Each structure stands twice: as C-alpha cells, then as structure tokens.
Amino acid sequence: MKFLLAAINAKYIHSNPAVYSLKAYAESRLRNSMPDRIQKDAPDRIGSMHGIQIEIAEYTINHRPEQIWADLYKRKPDVIGISCYIWNMDMVERVVAEVHKLLPQVPLWLGGPEVSYEPQTVLARLPFLSGIMVGEGEETFFRLLEHYDSRENGLLEIPGLYLPTGYTGLGQVVSMDELPFLYRDLSGFENRIVYYESSRGCPFRCSYCLSSIDKRVRFRSLETVYGELQFFLDRRVPQVKFIDRTFNCSHEHAMGIWNYIKEHDNGVTNFHFEIAADLLREDELELLAGFRPGLAQLEIGVQTTNEETLRAINRHMDLEKLRRIVTELKKGHNIHLHLDLIAGLPYEDYESFAHSFDEVYAMEPEQLQLGFLKVLKGSQMYEEAEKYGICYTERPPYEVLYTKFLTYEQVLKLKQIEEMVELYYNSNQFRHILPVLQRAFPSPFRMFERLAEFYEEEGYFVMAPARAYRYQVLLDFAFRYDDVHRELYRELCLFDMYLRENLKSRPDFAPDLQTCYDTIRDFYRSEEEKPTVLSQYEGMSAKQMMKQTHMEPFYYPVWKPESCPDAQRAEQPYFVVFDYKVRNPLTYDAAYYRISEEMEE
C-alpha cells in the first residue's frame, strides 16, 4: 500500500517540513512495532516489511497544474494526502479535481492550516474528498495509515479527521521529543532551505496570526536539539531556518541553542531565528555579540509602531526597548537583522504607516519587509474583520484590499513602495547612495514614495529595468530631485556597483580611466613585486591581479555616506581597490582598500 504525501511549495528552494514530519513519525511508529533484530539489520526496509510505502512528492506553484496531476497519476498511489496553505490552495483545488477523475478509486485527503479551520466549507466545495486531517497531524496520519493498511479501524475511530459525516474529535498532540528528526541524509535538499523546529506554539496572542490559537508552547529537549544541530554542522549546511514562532520566548531554551551553535561553529552554517527583540536580556545580547559575522540572522516582527494598533492586535511591545536592542545588536556588525511591517492593520492609515516605516527604517536593518495583512481563517482578525472594515480577497491568500483606515488606492501605492524597497533597499546594492539621496526628501518613506511615482511615470513597473540599469534609473531620479550633487551621486553609484561585482564593462555614467591608467598600472606592478595591500594574491602577475580586483578613482569620500553631502570635491583622486575574494557576510559587499594617504582614517 502506497500513501503519497504531496506538497506544492512557493519556490524551489523551499521544502515542506510538514510532510517530512508525517512520514518520519509514521515510519518511527512502524519501526518500533518490529522486532529489535529487524530494526537493527534493516532499518530502511521497515515500511516494505509492513507492506506500507510512504512516498513524498514536492512541486512548486510555478509548475503547470497538468504537470502535477500527471506526475501524481504516474506514481500509482493507493492514497493521496496534500498539504494546504494560503500560497497553494488554488493550485491544490485545480489538481485534486482532475486527479479524482483520473484516479476515481484513490482516496484523497487534505491537511494543513488552510483547510483546518473551516473544513466543512472545503468538503462542500470538493465533495469527492475522503476527508480532511485537522490540526497537528502526526498521530492522525499514522492512524490513517493503519486504517488503509489493515482496514481494521474505522475512520470514525480516528481522532483529528473531518469527514463528510462530521468531525471525529480533537487529534492527539505528540510530545516534541517523540517527533523524530526529519533528515536521515540531505540528498534532495541541495540548494534548498533546510527547516528545523525546536518548539511549537506561541505565548503571544497576535490577532492576525494562527500561532496564537495554540496557547501551549512545547519544546524539544535541548539534548535532542544539540544532536540534531550537530548533524547540520557536520555536513556544513549553508543555512538552517528555525520555524519556531517566537524562538526566544524561553530564555533557557534560546541561550542553550545559541551557546551551542557559537561553541560548535563550523565557519559556514548560518542559522535563522524569528524572535521578539524586546524580550532579549543582557546576557543574550552579550552572547549574540560574540557570534561570528554571518553565524545568525534574526527576524523581528515589529508590524507597526502605532500604539493604538498594537493594542487592537493584542501585541505588547516596548518600542523604546526595541530601538535600544536593535542598536545593541547592530554594534557588533555581525548579526543580519530583518525587520517586518504589516500594512492594513486596524487604526493604521497611510500617514500612520509612513510614520511606522520611518521609525523602523531609522533602525537600519539589513532587510525591511513590507507585508500586507492576510485575514486567515481561524484567527481573531478573521472574526473582527467587519468591525475594522477590513475587505480582503475572496480567495487565498486573503490579502487586504482596503480598510476603514486605508483606501484601495493607498494599498496600491504601498504595493509600489514595497517594490522600491525590495529593489533598492533590501537588495543591499545601493547602501552608499541611498543615505545621501535620502537627505533630499522629508523622510525615507517620502523618498521611496517619490521613487515609486518616478517608476510609474517612466513606465518601469511595466518594463522593469535590468539589475545593472537600476543604477542609471536611480541616478536619473536623483538628478531630478537634487541636481546640485550630480557628480557626487555618480561616484556613489559607481562605488556601490563595484562593491557588488567586478564589472565586465563600465556603465555609461562612469568616467574614462585613461588619465588614471599610469597610477593604476604602477600600483599593480608594485603589488606584483612586493604585495602589501593584496597579499592574498601573492605570486600572481600584475595582469592577473587586475583581472580579479578593480581599482577606481574617487573625488568624494563615498565610503562615508554620512559625510558626503558636505564634503568638498578633492582636486586629486583617491584610489580604492575592490577585492572580490573577500566578502562581507551580511551584505555580500566586496572588501575594499583605500590607497591614497588622504584617505587614511
């Protein structure tokens, strides 16, 4: 009997830990029911000895639906279960409708957050489904597997199912330490994000979040976690993303894990955590300050700085402490910070959101994400949507269209601003020109607002400029609003471009290097004879070094954006050498060396 678990992910780099957890738990239960000799001698054949095969099939929403249902058909399953979320539900419905026609005798089951909160509506819309697994599904899935294998237990006897005949009752919640590790090996996870879960539930009650429904927080024991983290470290996995909803809600748990990854750091693996920054204690900050640059990145859901909005969504956040914590975290230049805002929340109008944006922007995170409210079934916000005049899309992802406080036109404007922030701020490719350009506008929000208007006027939202040409677009924008500093902006753009890559051809706005050629040639010849700046290139010829690095003249201190607007243009150029062998782990900028004496700190 083959039970096929299917997942349709948002991107190829994503995986679906839910289906892997169902499979791992069921196989663990089957293994434990076998004699010790078989468990030891043939651990990979447990399922086949039972006559049970659990298979995983992963796709993305970028697949054509007909590709997915054709592949499901070719796998010849006896039962199919599909994991459902807001990003894939429309695709799931299209696929199961056709699979039912192609495999009418094969039971079809759905599970996941998108179908767990109004399962009766889903069954009414898709009456050919066998049922829905509601809530946490590990034990429910195992019982369902037994049912199809032996047919001894009826479906009505399995808790956690919503059948066409009704609900069978609350499913069993399994202890975190009873859940087996998802990864026997990492084949199939090359070039993909590896997800890890050390806790479930959340102590907070944010009204827009489904995690607030589960009021219990359960933790995997630290000893178990340490062994599993070592598995990743030994294999030098590039990134492990913790999916714990509020990782640092337990001080002891967070400190234990952070201490472990610091002490066992392999110099490669990066760990991602979602945290509540205002919960961080001094000893946690001290520990994080000692991390290798690039060892960890922290995602902090600020959502809004509007006090009335925070109260309405049941968030209790000390904003002053948050600012102080972020400042402390940034001091070490070693932690990648990702701060989130949500547009469309109660009492947050356009101007209030602009204020929230400016306050969070001032914290200078590496990434500032502008999200839009999703009114999720089962959440408190779903029940209160009418109260706040929140109108949202009928189909997933149930994203806000407008509210009492925010018009649809303003939502569209914020969507364009979001795109500008993604292209010009979150890309980390314009880190030196943006702080200078910002001074030409009343606030950072107004700068991105005007930039969005510029894109609209020039037709760039329709004909998106290539990555390299975005520098020229930003220059054109800068010249329109601050024509006085044209030469400065050109140099800042050039500096930012060469920080990211050794350009094969110079942009149109770059000056001719002919007048500086002798200085550049002499520098590389000197380095060939006796390396002082480029010591890691020792043994290479000047020509080879010139190919792997780049030297550029500047007349402004572009590496110090805060001093640029008031700086006088130098009479003689300052030279900067960009070294692409060495990269900043937080921004991916190339290392650079200032050559002229005038440039020394």
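The values are calculated or read from the model by the stated rules, or taken from the named source; none is laboratory data. Small disclaimer: the values here were computed from a predicted structure and weren't measured. Counting neighbours? That spans all protein chains shown, and the Cβs are built from the backbone with ideal geometry, glycine included.
Side notes on the structure shown:
- Residue ID - surrounded by the fewest Cβ atoms within 10 Å (Cβ to Cβ), chosen from residues in the range 528-542 that are touching a residue at least 12 places away in the same chain (Cβ under 8 Å) and outside any loop (DSSP other than H, G, I, E, B): Gln536
- Residue in the range 326-334 that is in contact with a helix residue (DSSP H, G or I) (Cβ under 6 Å, 6 or more places away or on another chain), buried (at least 19 other Cβ atoms within 10 Å of the Cβ) and of a type outside the set (D, E, K, R) present: no
Quick grid of which residues meet (1) under 30 Å from Gly188 (Cα atoms); (2) of a type in the set (Val, Ile, Thr):
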| site | (1), (2) |
| --- | --- |
| Glu252 | no, no |
| Ile275 | yes, yes |
| Leu285 | no, no |
| Glu299 | yes, no |
| Ala312 | no, no |
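- For the condition within 30 Å of Arg292 (Cα to Cα) and surrounded by fewer than 18 Cβ atoms within 10 Å (Cβ to Cβ), Asp349 does not qualify.
- Residue check for Phe357: in contact (Cβ under 8 Å) with a residue 40 or more places away in the chain, surrounded by fewer than 21 Cβ atoms within 10 Å (Cβ to Cβ) and assigned by TED's automatic domain parsing to the domain that holds Ala277: no
Yes/no per residue for (1) farther than 21 Å from Glu55 by Cα; (2) in contact (Cβ under 8 Å) with a residue 60 or more places away in the chain:
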position: Trp69; (1), (2): no, no
position: Ser116; (1), (2): yes, yes
position: Arg125; (1), (2): yes, no
position: Leu155; (1), (2): yes, no
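- Filtered residues of the range 78-96 (kept if farther than 14 Å from Thr60 by Cβ and under 20 Å from the mean Cα position of the chain (by Cα)): Cys84, Ile86
- Evaluation of Phe372 against (1) farther than 21 Å from Lys241 by Cα; (2) at pLDDT below 95 (one fails), failing number: (2)
- The set of residues in the range 90-114 that are in contact (Cβ under 8 Å) with a residue 40 or more places away in the chain and either out of contact with any strand residue (DSSP E or B) (no Cβ under 7 Å at 6 or more places or on another chain) or of a type in the set (Asp, Glu) (or both) comprises Asp90, Val95, Pro113, Glu114.
- Residues within the range 360-376 that are part of a strand (DSSP E or B) and either surrounded by 18 or more Cβ atoms within 10 Å (Cβ to Cβ) or of a type in the set (Phe, Trp, Tyr) (or both), tallied: 5
- Looking only at residues of the range 494-519 that are of a type in the set (S, T, N, Q) and outside any loop (DSSP other than H, G, I, E, B), we find that the one that is surrounded by the fewest Cβ atoms within 10 Å (Cβ to Cβ) is Gln514.
- Residue within the range 364-374 that is in contact with a strand residue (DSSP E or B) (Cβ under 6 Å, 6 or more places away or on another chain), assigned by TED's automatic domain parsing to the domain that holds Arg311 and within 23 Å of Pro119 (Cβ to Cβ) present: yes
- All of (1) surrounded by 15 or more Cβ atoms within 10 Å (Cβ to Cβ); (2) outside the structural domain of Pro346 (by TED's automatic domain parsing); (3) acidic (Asp, Glu) hold for Asp476 with one exception: (1).
- Unique match (being in the same structural domain as Glu386 (by TED's automatic domain parsing), closer than 22 Å to Ile86 by Cβ and surrounded by fewer than 19 Cβ atoms within 10 Å (Cβ to Cβ)) among Ser221, Ser207: Ser207
- Single residue of Val558, Val576 found to be among the aliphatic types (A, V, I, L, M), in a strand (DSSP E or B) and at pLDDT 90 or above: Val576
- Top-ranked residue of the range 8-64 - restricted to ones that are modelled with pLDDT under 75 and touching a Leu at 6+ places or on another chain (Cβ under 8 Å), ranked as nearest to Tyr148 (Cα to Cα): His50
- Condition check for Phe454: in contact (Cβ under 8 Å) with a residue 40 or more places away in the chain, closer than 18 Å to Ile417 by Cβ and either under 28 Å from the mean Cα position of the chain (by Cα) or part of a helix (DSSP H, G or I) (or both): no
- Boolean, Ile54 is out of contact with any Pro (no Cβ under 6 Å at 6 or more places or on another chain), in a strand (DSSP E or B) and of a type outside the set (Gly, Ala, Ser): yes
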